[in-house]
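Report on one structure; see the data block that follows.
The values are calculated or read from the model by the stated rules, or taken from the named source; none is laboratory data. All values reported here derive from a predicted model rather than from experimental measurement. Because the Cβ atoms are built from the backbone with ideal geometry, glycine has one as well, and the counts that use them run over all protein chains shown. In case anyone asks, the SASA skips ligands and DNA or RNA and just uses the protein heavy atoms, side chains included. Shrake-Rupley method; radii C 1.70, N 1.55, O 1.52, S 1.80 Å.
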Amino acid sequence: MSEIKKIAVMTAGGDCPGLNAVIRAVVKTAITKYNLEVVGIKSGYKGLYHADFMPLTEENTSGILHLGGTILHSSNKDNLFKYPFEENGKTVYKDVSDVAVKNLKDNGIDAMVIIGGDGTLTSARDYARKGVKVVGVPKTIDNDLAITDYTFGFDTAVGIASEAIDRLHTTAASHDRIMVLEVMGRYAGWIALAAGIAGGADAILIPEIPYDINKVAEKLKERRKKGKDFSIVVVAEGAKSVTGEMVVLKVIENSPDPIRLGGVGQKVAEELEELVGLEARATTLGHIQRGGTPSSYDRILSTRYGCAAVDLLMDGIYGQMVALINNKMSYVPLEDVIGNNKNVDPSCEFVKVAKNIGISFGD
């Protein structure tokens with residue numbers, strides 16, 4: 001018999017379609033299959049520090065499968081191993097992780113399911129090192145976590161971006177314009193690549209393949225010679241030219257994630273307008289990609305992840321991240337995932353397919 005009787009579940013980092021589906025699956029599996037007690041940790045690691053817990057039941061998690069966001073709320077600013085305090089007008093950082101461990105023990109919590117991306121799972125690994133029974137669930141629309149085939153939220157983000165391309169296509173064709181769509185993804189180009197193929201883009205610019213804007217312009221000029229006086233260009237927010245760096249919108253000091261990318265879409269639009277001789281407009285999709293109803297695929301994947309996480313705990317397998325490997329639920333040590341991001345391989349099949357059908361990467 002497992003020594004685990006009560007588990008906690010937490011969502012931390014940015015919101016993502018499918019978070020509620022994972023929470024629901026954890027609760028249903030824990031209660032229905034194992035007769036466990038479940039609590040939710042509110043607002044990520046901040047809630048763990050302040051012991052802000054709420055009971056989770058089949059009743060209060062009913063009807064959340066299709067909802068975006070997270071009923072537990074989230075925060076991406078609370079690393080308890082480096083927690084900010086104001087002292088004498090200055091910000092100082094302290095390790096308060098032992099407070100969190102005490103809160104777990106005081107509330108009879110035997111294990112945690114922690115749902116998040118690289119930063120969140122880094123802390124999950126650190127708690128595992130302190131002896132806490134932890135299983136991580138990979139979450140990011142960027143699909144850039146190592147080892148797992150897909151992270152939930154990615155499919156929804158690609159669907160939203162693809163629909164945006166469809167809508168921009170009609171405007172581009174009606175006004176003979178170049179429409180540039182900037183999508184999320186940070187340092188990985190998965191969303192731009194998948195959405196660009198699905199939406200029939202003429203050029204896709206991603207961080208992994210530095211682009212020459214003149215080569216992109218040549219592609220669009222070729223279309224004009226064939227009677228196509230409009231084009232669609234999809235740009236990942238982390239894309240960079242062969243002669244430049246990533247475009248940074250702003251830097252937020254004292255943030256665990258200080259660099260805010262943004263603006264490359266406008267830059268590309270202005271350059272292409274001058275080089276191609278067509279009016280160009282830029283659209284930044286932004287947080288629309290992260291909000292709203294998860295796709296059916298993400299609902300199913302999230303449910304699989306939630307069920308697998310509880311099974312791991314009850315099998316006595318801790319310090320792991322559940323992972324989708326060759327379309328089967330598996331697991332890998334958190335130690336192997338942290339800091340090991342999965343970027344687009346320029347020679348991968350997706351890129352080859354895009355190039356085969358004439359999509360330019362500006363290389």
Check your understanding: With all protein chains present and a 1.4 Å probe, how do Cys16, Cys348 order by accessible area, largest first?
Key -> Cys348, Cys16
Check your understanding: What ranking of Tyr331, Tyr34 comes out by heavy-atom accessible area, probe 1.4 Å, highest first?
Key -> Tyr331, Tyr34
Review point. Relative to the longest principal Cα axis of the chain, at what angle does helix 97-106 sit, 0 to 90 degrees, rounded to 10?
Key: 50
Exercise for review: Compute the signed sum of charges (Lys and Arg +1, Asp and Glu -1) over the other residues within less than 14 Å, Cβ to Cβ, of Asp311.
Suggested key: +4
Check your understanding: Using a 1.4 angstrom probe and counting only protein chains, how large is the accessible area of Tyr297 in Å², to 10?
Key -> 90
Point to revise | Cα-based helix-to-principal-axis angle, 296-314 vs the chain, degrees rounded to 10 | key: 30
**Study point:** Residue with peak Gaussian network fluctuation, the chain [Cα springs, cutoff 10 Å], from Ala198, Ala157, Ala309
**Key:** Ala198
Practice item. Using R₀ = 41 Å, calculate the FRET efficiency as 1/(1 + (r/R₀)^6) where r is the Cβ-Cβ separation of Lys6 and Ile288; round to 0.05. Key: 0.60
Check your understanding: For helix 118-129, what angle does its Cα long axis make with the longest principal axis of the chain, in degrees from 0 to 90 and rounded to 10?
Key -> 30
Practice item. For every helix of n ≥ 4 consecutive DSSP H residues, a contribution of -39,500 (n - 2.57) applies; sum these over the chain, divide by its total residues, and give [θ] at 222 nm rounded to the nearest 500 deg cm²/dmol. Key: -10500 deg cm²/dmol
Review point. Within segment 69-88, what residues put their amide N at less than 20 Å from the label point 7 Å along the Cα-to-Cβ vector of Glu163?
Key: 69-70
Review point. For Leu278, what accessible area in Å² do you get when you roll a 1.4 Å probe over the heavy atoms of the protein chains, rounding to the nearest 10?
Key: 20
Check your understanding: So, counting K/R as plus one and D/E as minus one, what does the shell of residues with Cβ under 13 Å around Gly263 add up to?
Key -> -1
Review point. Net charge near Ile252, counting Lys/Arg +1 and Asp/Glu -1 over other residues with Cβ under 14 Å of its Cβ?
Key: +1
Revision key, fill the gap. Whole-percent carbon and sulfur contribution to the accessible surface of the chain (1.4 Å, no ligands, DNA or RNA) stands at 48
Review point. Considering only protein heavy atoms, what per residue accessible area in square angstrom results for the chain with a 1.4 angstrom probe?
Key: 44
Exercise for review: On the full set of protein chains, 1.4 Å probe, figure out the accessible area of Glu253 and give it in Å² to the nearest 10.
Suggested key: 140
Practice item. With both partners inside segment 31-146, how many of the DSSP beta bridges are antiparallel, as a percent to the nearest 5? Key: 65
Study note, to complete from the structure: Among [x] 28, 57, 14, 1; [y] 27, 60, 13; [z] 30, 50, 20, 1, the entry matching P(r) over Cα pairs in 20 Å bins from 0, in percent as calculated here is [z]
